[in-house]
Amino acid sequence: ELHIITWNVGSATPPDDITSLLGLNVGDGNTDMYIIGLQEVNSMINKRLKDVLFTDQWSEVCMERLSPFGYVLVTSQRMQGLLLLVFAKYFHLPFLRGVQTETTRTGLGGYWGNKGGVSARMSAFGHTICFLNCHLPAHMENSEQRMEDFESILQQQQFEGQAAIGVLDHDVVFWFGDLNFRIDDLDMQVVKSAIDNNKFSMLLEKDQLNMAKDSETVLEGFQEGPLKFPPTYKFDVGTDTYDTSGKKRKPAWTDRILWRLRATATAGAAVSTGKRCSISALTSGTKVTQHYYRSHMEYTVSDHKPVSSIFTLQFPYKVDIPLVTIIVEDEWNSIADATAKFKLVPSYPRSSWDWIGLYKVGFKHHKDYVGYVWAKQEEADFNRQEQQVTFTEEELPKGSGDFILGYYSNNMSTIVGVTEPFQFLMPSFSGTAIWFVQKAYFALSSIKLCTYFFICKPFTLSCVSSIFVRSQVWTVQGADTLH
């Protein structure tokens, strides 16, 4: 299940709560991936410099909201104001392979990235998918320019592989963004009256994108669900009122989500001979079902309203075995337990820079680890099916919790193996134990005795490197017993 969102945010900062936009308040937990395409993210020079050094605000707020539900950032791509974010449930990561991103500038004749397209492609369980987020030229009179720019984006975006493949060579393509198509011919009052009376059909007949589908070959195969929501542009910021400024822009469905299934040779032959056929039935068993297509009127930080859609992709699994299988115990109760075994499939392209990360449940992205160890291959390991790594005390968390191990592939730039969550149970001091340690420290420092007697049972300090008492440091070796 895919949840796709497009929003021209008009350089605004994120709203306080995007729960309803993400559907987290009504979701059934079945969403496998979130794909978020934003346009006009603040790209002023000083803001872009900050975003280079730190995560931009929009990426951060999306990660903060999605990570507690088990979604991890798979990839992202930024081109000035265009931002594409792809999230997936952590357990799907090993089956999302060949992840690549591309950008195409179309502003100022291709020299400026305020307009254009950013994309991410991958193989999901053996089926190729491409997500394309576009911001096309504005204004009523530029319909032809929009089509030319879209065609240019498709031509320029080529992904690496055994053979270069373009956007339309994927099994499924999702195309979305501020496509900027307007409503032709009808004047402002007619459009507003139709909106007020919920008569969208007369407006859709004059929608430039709908009209272009009948004449533009580049749009062949693209599908869109019924537009049952009001035009999403242009609003007075902070309101649900259409533009009252001096420009008085005519309302339009500028923000759209479309999809396309790649026709097989059989489908292409059927089309060329004039035979009726179902494209969805002829694309390697892939079927796309749209469950809803809606706008979100409650968000008012921009002059556009966000648009979202949920899709189900149905296809037979071509890939259901991870490249790396990690084996770990259900619990780590001590430092000695902090080991894991892993197995690689024979075809896996191993690198000496591969590593296994220890992640707290709810991690945001592949670099959001607590600690890691290199998954180096020693000479003695060449003939072993299973290999083992050990985490040292320095690489372990300082507290208990639920964790996941993930194997990161340097060559593939993605996590290719994960475990189920397991518990790390960190032994901790009780209040009584700390009280006795403090008493021992002060007694030894004040009366300089070599022996101090406690009227108590012995206790053990484990997994501790040092104890701080009144700015003094008393180093305690792991698992020493104090009597």
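The values are calculated or read from the model by the stated rules, or taken from the named source; none is laboratory data. In this text, all values refer to a predicted model and were calculated from it rather than measured experimentally. Here Cβ is always computed from backbone atoms with ideal geometry, including for glycine, and neighbour counts include all displayed protein chains. Note: accessible area is taken over every heavy atom of the protein model, side chains too, but ligands, DNA and RNA are not part of it. Shrake-Rupley method; radii C 1.70, N 1.55, O 1.52, S 1.80 Å.
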Quick one: if you stick a label point 7 Å off each Cα along the C-beta vector at Ser11 and Lys192, how many nm between them? 2.6 nm
If r is the Cβ-Cβ distance from Val361 to Lys341 and R0 is 22 Å, what FRET efficiency results, to the nearest 0.05? 0.60
What accessible area, in Å² to the nearest ten, does a 1.4 Å probe give for Tyr369? 80 Å²
Provide the percentage of antiparallel DSSP beta bridges, counting only those with both residues in segment 1-157; round to the nearest 5. 80 percent
Per residue accessible area in Å² of segment 102-165, where ligands, DNA and RNA are left out and the probe is 1.4 Å: 45 Å²
Along Cα→Cβ, 7 Å out, is where each label goes; now give me the distance between the ones at Glu205 and Gln223 in nm to one decimal. 2.6 nm
Which GluC sites (Glu not before Pro) in segment 327-420 sit in a loop by DSSP (not H, G, I, E or B) and have at most 14 other Cβ atoms within 10 Å of their own Cβ? Glu329, Glu378, Glu386
So which GluC sites (Glu not before Pro) in segment 157-243 end up in coil per DSSP with only 11 or fewer other C-beta atoms within 10 Å? Glu160
Rounded to one decimal in nm, the spacing of the 7 Å Cα→Cβ label points at Tyr317 and Ser215 is 4.8 nm
Which whole-number value in Å² is the accessible area per residue of segment 321-372, probe 1.4 Å? 52 Å²
Quote the accessible area belonging to Thr55 in square angstrom, nearest 10, computed with a 1.4 Å probe and with ligands, DNA and RNA left uncounted. 70 Å²
Is segment 104-242 rounded, prolate or oblate when judged by the Cα gyration tensor, a ≥ b ≥ c being the square roots of its eigenvalues, rounded requiring a/c under 1.5 and prolate requiring a/b larger than b/c? prolate
Relative contact order (%) - segment 85-174, alpha-carbon pairs under 8 angstrom, separation at least six: 25 percent
Return the loop-located trypsin sites (Lys or Arg not before Pro) in segment 176-222 (DSSP other than H, G, I, E, B) with at most 12 other Cβ atoms within 10 Å of their own Cβ; answer none if there are none. Lys199
For segment 104-209, give me the percentage of DSSP beta bridges that are antiparallel, rounded to the nearest 5 percent. 70 percent
Ranking Arg262, Arg97, Arg121 from most to least accessible area with a 1.4 Å probe gives Arg262, Arg97, Arg121
Any idea of Met297's accessible area? Nearest 10 Å², probe 1.4 Å. 60 Å²
Candidate aspartates and glutamates - alpha carbon under 20 Å from Lys287, same-chain residues fewer than 8 apart omitted: Glu1, Asp32, Asp169, Asp171, Glu220, Glu224, Asp320
Going Cα to Cα from Lys360, which aspartates and glutamates come in below 12 Å? Please leave out same-chain ones fewer than 8 positions away. Asp368, Asp402, Glu420
Say the cut-off is 21 Å between C-alpha atoms; which of Lys89/Lys115; Lys343/Lys364; Lys341/Lys398; Lys115/Lys248; Lys206/Lys234; Lys213/Lys318 go over it? Lys89/Lys115; Lys343/Lys364; Lys341/Lys398; Lys115/Lys248; Lys213/Lys318
